[in-house]
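**Q** Below is the structure I would like to discuss, written out as structure tokens.
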Amino acid sequence: MSEVAIPSESVVVRRRRRRRATPLEYGRKRWLQIVLALNFLFLYFPIAALIAFSFNDSRRNVTWQGFTFKYYEKAYNNAGLHEAFLNSMIVAGTSTVVSTLLGTMLGLALYRYRFPGRGPFEGWVHLPIVIPEVCLGVAMLAFFAWADIPLGLFTVTVSHIAFTIPFVAVVVRSRMAGFDESLEEASRDLGANGWQTFWSVTFPYMIPGVVAGALLAFTLSLDDFVITFFTSGPGSTTFPIKIYSMVRFSVTPEVNAASTVLIVLTLTLTVTAMLIQARTGRKIDTHG
Amino acid sequence: MDNPKPIISIRNVTKRFGSVVAVDDACLDIAEGEFFALLGPSGCGKTTLLRMLAGFEHPSEGDILIGGQDMSDVDPNKRPVNMVFQSYAVFPHMSVARNVGYGLRVTGVPAAEIKERVGEALALVKLAGYEERMPTQLSGGQRQRVALARALVKRPKVLLLDEPLSALDAKLREAMQLELVRLQQSVGITFVIVTHDQDEALSMADRIAVMDSGQVRQVAPPAELYEFPNSRFVADFIGKMNLFAGRVAGAADGRVLIEIQGMDRIAVPYGDQARGEIGVAVRPEKIRLAPTPPTDGEIGLRGRVREVAYYGDESHVFLETAAGVITANRPNAARTTTPAVALGDELWASWEPADTLVLTE
Ligand SMILES: Nc1ncnc2c1ncn2[C@@H]1O[C@H](COP(=O)(O)OP(=O)(O)O)[C@@H](O)[C@H]1O
Ligand SMILES: [Mg+2]
């Protein structure tokens with residue numbers, strides 16, 4: 001260290017001012033900063049590269065030839081991609097609406113009611129979150145085969161509803177954990193019936209959780225691959241599956257462009273969800 | 001009481017939560033227009049009793065009548081009472097005006113009337129001009145006023161308040177005590193307030209019910225409660241009290257003779273029958289301190305000053321006597337920094353026999 005050259009007295013002074021980093025000040029530890037930087041590199045370099053090469057004016061993905069938008073144009077004009085994107089939107093849109101509705105009710109029920117077998121029930125609700133997606137996909141496929149339901153957009157949508165409900169329920173439930181129940185009592189006390197109380201007191205409090213749950217369900221559905229792979233049939237190819245099939249053919253900048261669109265879409269939704277939660281959270285939680 | 005028309009009748013009400021008896025065979029009549037306080041230590045069942053009046057809990061046994069009507073099948077939203085919650089429970093996503101108007105909107109009062117009544121209610125709690133503020137933009141005291149206005153705008157027969165002042169700082173609390181009393185007098189509604197703070201209850205209420213582990217121990221106006229507590233619990237809980245264990249040695253012409261360990265036998269005026277082990281009590285402010293024994297007729301006790309606690313307006317002198325440590329309050333009437341009583345002083349404590357309480361319970 002360069003401090004060696006400084007007269008010993010001022011070293012002492014300096015040491016005292018520069019006290020040791022406490023455990024929480026990890027930002028001040030050099031080696032931790034390096035580990036952190038490496039982590040970020042591992043996480044984001046492939047994504048950054050993917051995005052960068054979507055603008056590369058070359059058929060191959062290895063050397064940088066120049067900037068272009070032409071692969072976005074190509075991807076846009078690719079009828080297969082177009083259809084897949086539309087399918088994804090239909091599936092994600094429908095499954096989000098249904099799973100938000102059911103998941104919100106489930107989350108509220110788990111928060112509100114004590115009933116026999118509630119513990120096991122709660123565990124059972126969370127099961128789809130921890131079960132490997134492959135198993136879930138196989139199970140769905142087996143079920144649809146047994147019930148003699150032809151694979152298609154319908155089966156994909158139903159599967160997506162099934163696996164996103166628990167996520168919505170968990171988000172809504174955790175939102176309700178901070179709810180002051182005397183608000184509902186106050187509403188009753190002031191003459192409102194149960195229905196009025198729910199819509200004018202309880203539900204407004206739930207909204208950030210419901211919105212966050214819905215956006216989570218939408219992104220999960222939008223980029224789901226495994227379950228969709230098992231449950232989709234002819235004509236129900238979704239965006240991720242289409243990209244996968246294109247990659248199997250060859251990795252072209254067109255794939256990069258399509259993937260970038262997917263990334264931007266999910267990122268936008270996630271950030272929106274976080275912003276909504278942060279804003280309403282601040283508005284409501286600072287009270288009492 | 002002398003008022004023949006109780007607005008609230010609590011008849012042998014018991015409330016159990018599993019094995020916990022939160023309220024134990026409570027009987028109370030609260031008169032119309034009264035400022036009534038439920039006072040007791042934490043966990044004695046005050047909130048439970050209040051919540052049964054509001055309809056959020058149902059008595060395990062007994063009946064509650066409000067305005068002469070049995071409440072057992074009446075839901076909270078149909079009762080002629082309104083409550084100010086301990087947490088205020090101001091709706092966080094509604095403006096002040098919408099909060100106050102809420103109870104009118106849900107019951108279908110016309111918009112024009114709502115506007116007028118909300119304005120009146122806000123003026124009553126001195127929040128005129130705050131209509132469009134959100135709860136987050138209000139202080140704790142202001143939120144409480146919103147909760148008050150929101151309940152009062154419904155024109156209930158009874159207003160229930162659960163520890164309404166406990167979250168406020170000392171100065172604001174004192175101001176609000178006075179204001180609540182003024183408010184109650186101006187609207188003429190019966191107030192039932194729950195508190196664990198005896199000063200609050202004494203200074204505000206017309207009548208106080210002292211509760212202890214679910215039981216109502218005494219119901220009386222503040223002065224009666226303070227000067228004539230009916231039990232050791234009430235005597236000890238309300239204000240400060242010197243308590244002695246005594247034995248009745250006899251009775252003669254309206255007086256009982258009591259033996260207390262470490263004291264001469266004393267004669268105390270007492271109307272009722274008393275025998276055996278009893279409690280003897282005297283308030284610290286009734287005790288005088290002097291360097292010489294008291295004159296005839298007073299009860300005297302010699303002791304040594306062990307500690308003096310200075311409070312500005314008065315000092316509390318702790319005197320070590322043969323009957324135990326007793327406390328005497330001395331007003332600091334003269335403007336001086338020299339203490340009138342010093343540690344180790346040998347003094348006589350004395351009080352009138354009539355100031356002595358005999359507690360048989
Ligand atoms: N919902 C409840 N479930 C179980 N026990 C309760 C419930 N509400 C109150 N209690 C119990 O009843 C007793 C009285 O409580 P409470 O009325 O809140 O007392 P206070 O308001 O005087 O402090 C306490 O022992 C408390 O633990
Ligand atoms: Mg309480």
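**Q** Six or more apart or on different chains, Cβ atoms under 7 Å: show the pairs whose first residue is in segment B:18-43 and without any contact (Cβ under 8 Å) to a residue 12 or more places away in the chain and closer than 20 Å to B:LYS5 by Cβ and whose second is among the β-branched types (Val, Ile, Thr) and more than 10 Å from ligand 1 (Cβ to nearest atom).
**A** So the pair list comes out empty.
**Q** Within segment B:202-214, is even one residue more than 23 Å from B:SER87 (Cα to Cα), within 16 Å of ligand 1 (Cβ to nearest atom), more than 13 Å from every other protein chain (Cβ to nearest Cβ) and open to solvent by 50 Å² or more (accessible area, probe 1.4 Å)?
**A** Looking for residues that are more than 23 Å from B:SER87 (Cα to Cα), within 16 Å of ligand 1 (Cβ to nearest atom), more than 13 Å from every other protein chain (Cβ to nearest Cβ) and open to solvent by 50 Å² or more (accessible area, probe 1.4 Å), one finds at least one in segment B:202-214, hence yes.
**Q** Of the conditions (1) surrounded by fewer than 19 Cβ atoms within 10 Å (Cβ to Cβ); (2) within 16 Å of ligand 1 (Cβ to nearest atom), B:GLY108 satisfies every one except a single condition; which number is it?
**A** Result: B:GLY108 passes all but (2).
**Q** Quick check on segment B:232-243. Is at least one of its residues open to solvent by 70 Å² or more (accessible area, probe 1.4 Å), among the aromatic types (Phe, Trp, Tyr) and at pLDDT 85 or above?
**A** There is no residue in segment B:232-243 that is open to solvent by 70 Å² or more (accessible area, probe 1.4 Å), among the aromatic types (Phe, Trp, Tyr) and at pLDDT 85 or above.
**Q** So which residues in segment B:32-52 are open to solvent by 10 Å² or more (accessible area, probe 1.4 Å) and more than 7 Å from ligand 1 (Cβ to nearest atom)?
**A** B:GLU32, B:GLY33, B:GLU34, B:PRO41, B:ARG51
**Q** Only one of these is within 14 Å of another protein chain (Cβ to nearest Cβ), within 16 Å of ligand 2 (Cβ to nearest atom) and over 28 Å from B:THR14 (Cβ atoms): B:ALA167, B:ALA149. Name it.
**A** B:ALA167
**Q** Next question, about the same structure. Among the listed residues B:PHE56, B:PHE91, which satisfies the condition of being away from ligand 2 (no atom under 16 Å from the Cβ), assigned to a loop (DSSP other than H, G, I, E, B) and facing chain A (nearest Cβ under 8 Å)?
**A** B:PHE91
**Q** Taking the conditions exactly as written (more than 13 Å from ligand 2 (Cβ to nearest atom) and out of contact with any Asp or Glu (no Cβ under 8 Å at 6 or more places or on another chain)), does B:SER19 satisfy them or not?
**A** Taking the combined requirement at face value, the residue satisfies it.
**Q** Suppose we filter B:GLU113, B:GLU120, B:GLU131, B:GLU61 for residues that are over 23 Å from the mean Cα position of the chain (by Cα), among the acidic types (Asp, Glu) and either crowded, with 16+ Cβ neighbours inside 10 Å or within 16 Å of ligand 2 (Cβ to nearest atom) (or both); which single one remains?
**A** B:GLU131
**Q** Oh, and also: Just checking, does segment B:280-288 include any residue being in contact with a Gly (Cβ under 7 Å, 6 or more places away or on another chain) and closer than 20 Å to B:ASP236 by Cα?
**A** yes
**Q** All but one of (1) part of a helix (DSSP H, G or I); (2) away from ligand 2 (no atom under 16 Å from the Cβ) hold for B:ARG51; state the number of the condition that does not hold.
**A** Just one mismatch for B:ARG51, condition (2).
**Q** Another question, then. Would you mind stating whether B:ARG304 is within 27 Å of B:ASN230 (Cα to Cα), basic (Lys, Arg) and either buried (at least 19 other Cβ atoms within 10 Å of the Cβ) or at pLDDT 85 or above (or both)?
**A** no
**Q** If the requirement is being assigned to a strand (DSSP E or B) and within 16 Å of ligand 2 (Cβ to nearest atom), which of these qualifies: B:LEU38, B:LEU28?
**A** Just one listed residue meets the conditions, B:LEU38.
**Q** Further question on the same structure: With respect to B:THR14, is the statement that it is over 18 Å from B:PHE85 (Cβ atoms) and among the polar types (S, T, N, Q) true?
**A** So B:THR14 passes the test.
**Q** If you don't mind, another one. Are there helices (runs of 4 or more DSSP H) fully within segment A:109-217 with at least 1 residues that are within 14 Å of another protein chain (Cβ to nearest Cβ) and surrounded by 15 or more Cβ atoms within 10 Å (Cβ to Cβ)? List them.
**A** It comes to A:153-176, A:182-189, A:194-197.
**Q** Can you name the condition, by its number, that B:ARG330 falls short on among (1) surrounded by fewer than 17 Cβ atoms within 10 Å (Cβ to Cβ); (2) in a strand (DSSP E or B); (3) among the charged types (D, E, K, R)?
**A** Failing condition for B:ARG330: (1).
**Q** Could you list all residues from segment B:68-77 that are at the interface with another protein chain (Cβ under 8 Å from one of its Cβ atoms) and not polar (S, T, N, Q)?
**A** The answer is B:ASP75, B:PRO76.
**Q** Could you list all residues from segment B:333-361 that are hydrophobic (A, V, I, L, M, F, W, C) and not in a strand (DSSP E or B)?
**A** Matches in segment B:333-361: B:ALA333, B:ALA334, B:ALA340, B:VAL341, B:ALA342, B:LEU343, B:ALA354.
**Q** Can you confirm whether B:ALA170 is of a type in the set (Gly, Ala, Ser), open to solvent by less than 60 Å² (accessible area, probe 1.4 Å) and farther than 15 Å from B:ILE30 by Cα?
**A** Against the criterion (of a type in the set (Gly, Ala, Ser), open to solvent by less than 60 Å² (accessible area, probe 1.4 Å) and farther than 15 Å from B:ILE30 by Cα), B:ALA170 does not qualify.
**Q** Given (1) open to solvent by 80 Å² or more (accessible area, probe 1.4 Å); (2) in contact (Cβ under 8 Å) with a residue 12 or more places away in the chain; (3) of a type outside the set (Gly, Ala, Ser), where does B:HIS316 come up short, assuming only one miss?
**A** The one condition B:HIS316 does not meet is (1).
**Q** Among (1) closer than 21 Å to B:GLU57 by Cβ; (2) at pLDDT 90 or above, where does B:THR107 come up short?
**A** (1)
**Q** Next up: Would you confirm whether or not segment B:67-86 contains a residue that is more than 12 Å from ligand 1 (Cβ to nearest atom) and among the hydroxyl-bearing types (Ser, Thr, Tyr)?
**A** Yes.
**Q** Is segment B:162-185 home to any residue that is within 16 Å of ligand 1 (Cβ to nearest atom) and not in a loop (DSSP other than H, G, I, E, B)?
**A** Yes - at least one qualifying residue is present in segment B:162-185.
**Q** Quick one: how many residues across segment A:77-98 are within 13 Å of A:LEU215 (Cα to Cα) and small (Gly, Ala, Ser)?
**A** Final tally of qualifying residues: 3.
**Q** Let me ask something else about it. Among the residues of segment B:236-283, write down those that are polar (S, T, N, Q) and farther than 21 Å from B:GLY303 by Cα.
**A** Residue satisfying the conditions is B:GLN273 alone.
The values are calculated or read from the model by the stated rules, or taken from the named source; none is laboratory data. If you're wondering where the values come from, they're calculated on a predicted model, not measured in any experiment. Every residue, glycine as well, gets a Cβ built from its backbone with ideal geometry; the counts of neighbours run over all protein chains shown. Accessible surface areas use protein heavy atoms only, side chains included; no ligands, DNA or RNA. Shrake-Rupley method; radii C 1.70, N 1.55, O 1.52, S 1.80 Å.
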